[in-house]
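Trainee: First the structure, then my questions, so here it is.
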Amino acid sequence: MDESGGSGQPRSGSDEAPERPAGQSTPADDTARPEPRPSENRPAPHTPADGATPARTDPSPGHQPPAPTEPPADHRTATPTESPQQHPDPSADHGTPARPEPQADTAPAAAFRSDDDADAPTPATPTGDRKPPQRPKEPGGGILMGRPFGVPVYVAPSWFLVAALITWVFGGQLDRVLPELGNARYLVSLFFAVAFYASVLVHELAHTIAALRFKLPVRRIQLQFFGGVSEIEKESETPGREFVLAFVGPLLSLVLAGVFYVALQTVEPGTVPGVLLAGLMISNLIVAAFNLLPGLPLDGGRMLRAVVWKITGKPMSGTVAAAWVGRALAVSVLIGLPLLTQSGALGTGAEDLGGMDTVTDALLAAILAAIIWTGAGNSLRMARLREHLPELRARNLTRRAVPVQTDTPLSEALRRANDAGARALVVVDAEGEPLSLVREAAIVGVPEHRRPWVAVSGLAQELTDGMRVSAELAGEDLLDALRAAPATEYLVVEDSGEIYGVLSAADVERAFVKAMARPS
């Protein structure tokens, strides 16, 4: 199945979490900072563009979407065994830029504490002892198995659980078909489990190759409990590409089923190769059929989304339709699968089913239904985020800041900030050039009685090129800039290089969460 995952949510590069200010106020020093820009001069947020769902996922007989985990831009694809994705959260009341006016509902400037944080961090170390933020490491997700086409493939720890389950179940079937194998049947069953997941990998590679062909970056492929997931970081630009990207996975599963069927004709029935080939043929047919069900997060849901998108011209309309069909499928699987098994419609007579088989069938149905329901909901939330993403602008999320010299006592700096209604401090040199940012979490960690004796330079994070962002950045461009240099705060500057304010990663995350929750 296909679905957007990924993660467009910026991550913090420091170990301290921002805190809610203590609320301290003092006189001001208007000479320390340029005159704040009136709110009328601030541009209004953009209206959302036609949204498209962020990542894609598709499941193989059991997989399912990440987040963005990671935040918003990733695209996931999974086969009927896949998992959903996650994403961030923003606050509507983020302050305006260094120049912009303070918000009415933000905490006092001197407190420098964010609304969602409760634990007080430890005091920061001096700038000289701090390393500049590092570029994020490549995403993990289990054991790295290789890099076909340059895309890392991971096996999640949950795979070993499902491999053991397949080995046990298939081993029991082998005992009835080939009783002479004895305990060796479990070795044959383990081989089947590995071969089956190799088929799932081929399914996911089909999505990956199609994505690369359309110049959509693929973050990783992960094999997990109920199948696999291809995390595609960008959305398809047209409904036609979306349809092709979703369809190639089930198509490859059908091709594999045909290959195993042809190979089955060349071996003697009732032998180990014959049983293995028959099992792989049937399992790939199940993977293809399951993924073709027309509901998100399955591949069939992506195909339905593309069709509705083409008819209406609105990606969001396609997502809403496919997500609700996916939820209806989840309910159908929850109720219908146990009933079909009990009726013998799936090939087993009701008289052959014991109490344990009934419980197993009900548990399997519940897991599949949960995966589909969750994936459909995640796809819908990610589509909302995509639609509202252009509204998230650095200029509108930036906090007002005041410039201070390196040797300024913290108490004096907070006095100036409080008087100016600011929530951030920028350390500058004698010429007014920014050198570092005083971290909000570090300020909260300094007891009030020590603040007159602590210089702001000892609480600051040295500025790197990646920590300077343009006030004009918005949407995916803003996310890409924050992902490239993880940090807790960023200096926002005008195109002229003039300081505009400080952008907090926590504010951006809250903005994302709010965007995902907001209806279209």
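The values are calculated or read from the model by the stated rules, or taken from the named source; none is laboratory data. Every value quoted in this text rests on a predicted model; they were computed, and no experiment measured them. Positions of Cβ are backbone-derived with ideal geometry, glycine not excepted, and every protein chain shown enters the neighbour counts. Ligands, DNA and RNA are excluded from the accessible area calculation, which covers all protein heavy atoms including side chains. Shrake-Rupley method; radii C 1.70, N 1.55, O 1.52, S 1.80 Å.
Trainee: Kindly provide the set of residues from the range 507-520 that are open to solvent by less than 20 Å² (accessible area, probe 1.4 Å) and of a type outside the set (V, I, T), ordered by number. I'd like the intermediate steps shown before the answer.
Mentor: Of the range 507-520, the ones open to solvent by less than 20 Å² (accessible area, probe 1.4 Å) are 507-508, 510-512, 515-516.
Answer for the range 507-520, where residues must be open to solvent by less than 20 Å² (accessible area, probe 1.4 Å) and of a type outside the set (V, I, T): D507, R510, A511, F512, A515, M516.
Trainee: Got at least one residue in the range 272-288 being open to solvent by 70 Å² or more (accessible area, probe 1.4 Å), within 29 Å of S236 (Cα to Cα), at pLDDT 95 or above and of a type outside the set (F, W, Y)?
Mentor: The answer is yes; a qualifying residue exists.
Trainee: Out of the range 183-229, which residues are aromatic (F, W, Y), within 20 Å of the chain's Cα centre (by Cα) and open to solvent by less than 30 Å² (accessible area, probe 1.4 Å)?
Mentor: Listed by number, the list holds a single entry, F226.
Trainee: Here are some residues: G445, G458, G475, G466. Which one is small (G, A, S) and at positive phi?
Mentor: Just one listed residue meets the conditions, G475.
Trainee: Would you confirm whether any residue within the range 434-448 is under 29 Å from the mean Cα position of the chain (by Cα), more than 20 Å from L397 (Cα to Cα), open to solvent by less than 20 Å² (accessible area, probe 1.4 Å) and aliphatic (A, V, I, L, M)?
Mentor: Yes, the conditions are met somewhere in the range 434-448.
Trainee: What pairs come out if I take residues in the range 406-419 that are over 16 Å from E448 (Cβ atoms) and pair them with residues that are among the aliphatic types (A, V, I, L, M) and assigned to a loop (DSSP other than H, G, I, E, B) whose C-beta lies under 7 Å away, six or more apart or interchain?
Mentor: Pairs found: R416/A28; D419/A28.
Trainee: Inside the range 131-163, can you point out the residues that are out of contact with any helix residue (DSSP H, G or I) (no Cβ under 8 Å at 6 or more places or on another chain), modelled with pLDDT of 85 or more and more than 25 Å from I232 (Cβ to Cβ)?
Mentor: F160, L161
Trainee: Related question: If a residue has to be open to solvent by less than 20 Å² (accessible area, probe 1.4 Å) and assigned to a helix (DSSP H, G or I) to count, how many in the range 155-166 make the cut?
Mentor: Residues in the range 155-166 being open to solvent by less than 20 Å² (accessible area, probe 1.4 Å) and assigned to a helix (DSSP H, G or I): 2 in total.
Trainee: Answer yes if at least one residue in the range 470-483 is more than 24 Å from M516 (Cα to Cα) and open to solvent by less than 20 Å² (accessible area, probe 1.4 Å), and no otherwise.
Mentor: Within the range 470-483, not a single residue is more than 24 Å from M516 (Cα to Cα) and open to solvent by less than 20 Å² (accessible area, probe 1.4 Å).
Trainee: Filter the range 287-304 down to the residues that are in a helix (DSSP H, G or I) and either among the polar types (S, T, N, Q) or under 14 Å from N378 (Cβ atoms) (or both) and list them by number.
Mentor: N291, G301, R302
Trainee: Another question, if that's okay. Exactly one of these conditions fails for G301: (1) in contact with a Ser or Thr (Cβ under 8 Å, 6 or more places away or on another chain); (2) among the small types (G, A, S); (3) closer than 29 Å to Q173 by Cα. Give me its number.
Mentor: Among (1) in contact with a Ser or Thr (Cβ under 8 Å, 6 or more places away or on another chain); (2) among the small types (G, A, S); (3) closer than 29 Å to Q173 by Cα, G301 violates only (3).
Trainee: Further question: Can you name the residue in the range 230-263 that is open to solvent by less than 10 Å² (accessible area, probe 1.4 Å) and assigned to a helix (DSSP H, G or I) and, of all such residues, is farthest from R386 (Cα to Cα)?
Mentor: Restricting to residues being open to solvent by less than 10 Å² (accessible area, probe 1.4 Å) and assigned to a helix (DSSP H, G or I), the top hit is A257.
Trainee: Which numbered condition in (1) among the hydroxyl-bearing types (S, T, Y); (2) farther than 30 Å from N378 by Cβ; (3) open to solvent by 10 Å² or more (accessible area, probe 1.4 Å) is the only one that Y500 fails?
Mentor: Checking Y500 against (1) among the hydroxyl-bearing types (S, T, Y); (2) farther than 30 Å from N378 by Cβ; (3) open to solvent by 10 Å² or more (accessible area, probe 1.4 Å), the one that fails is (3).
Trainee: Kindly indicate which of L245, L264 is farther than 27 Å from I311 by Cα and either under 23 Å from the mean Cα position of the chain (by Cα) or at pLDDT below 95 (or both). Outline the logic, then answer.
Mentor: On the way: L245 fails: farther than 27 Å from I311 by Cα.
After applying the criteria, what remains is L264.
Trainee: While we're here: Which of the residues that make up the range 170-182 are loosely packed, with under 14 Cβ neighbours inside 10 Å and over 12 Å from V272 (Cα atoms)?
Mentor: Selection gives G172, R176, G182.
Trainee: Moving on. Could you list, in sequence order, the residues of the range 293-309 that are open to solvent by 40 Å² or more (accessible area, probe 1.4 Å) and at pLDDT below 95? Let's see the steps before the verdict.
Mentor: The initial filter retains those residues of the range 293-309 that are open to solvent by 40 Å² or more (accessible area, probe 1.4 Å), namely 293-294, 304, 307.
Scanning the range 293-309 gives L293, P294.
Trainee: A further question follows. Scanning the range 390-404 for residues that are in contact with a helix residue (DSSP H, G or I) (Cβ under 6 Å, 6 or more places away or on another chain) and crowded, with 24+ Cβ neighbours inside 10 Å, which turns out modelled with the lowest pLDDT?
Mentor: Applying the filter and picking the extreme gives L392.
Trainee: For A460, state whether it is under 15 Å from V502 (Cβ atoms) and touching a Phe, Trp or Tyr at 6+ places or on another chain (Cβ under 9 Å).
Mentor: Values: under 15 Å from V502 (Cβ atoms): yes; touching a Phe, Trp or Tyr at 6+ places or on another chain (Cβ under 9 Å): no.
No, not satisfied.
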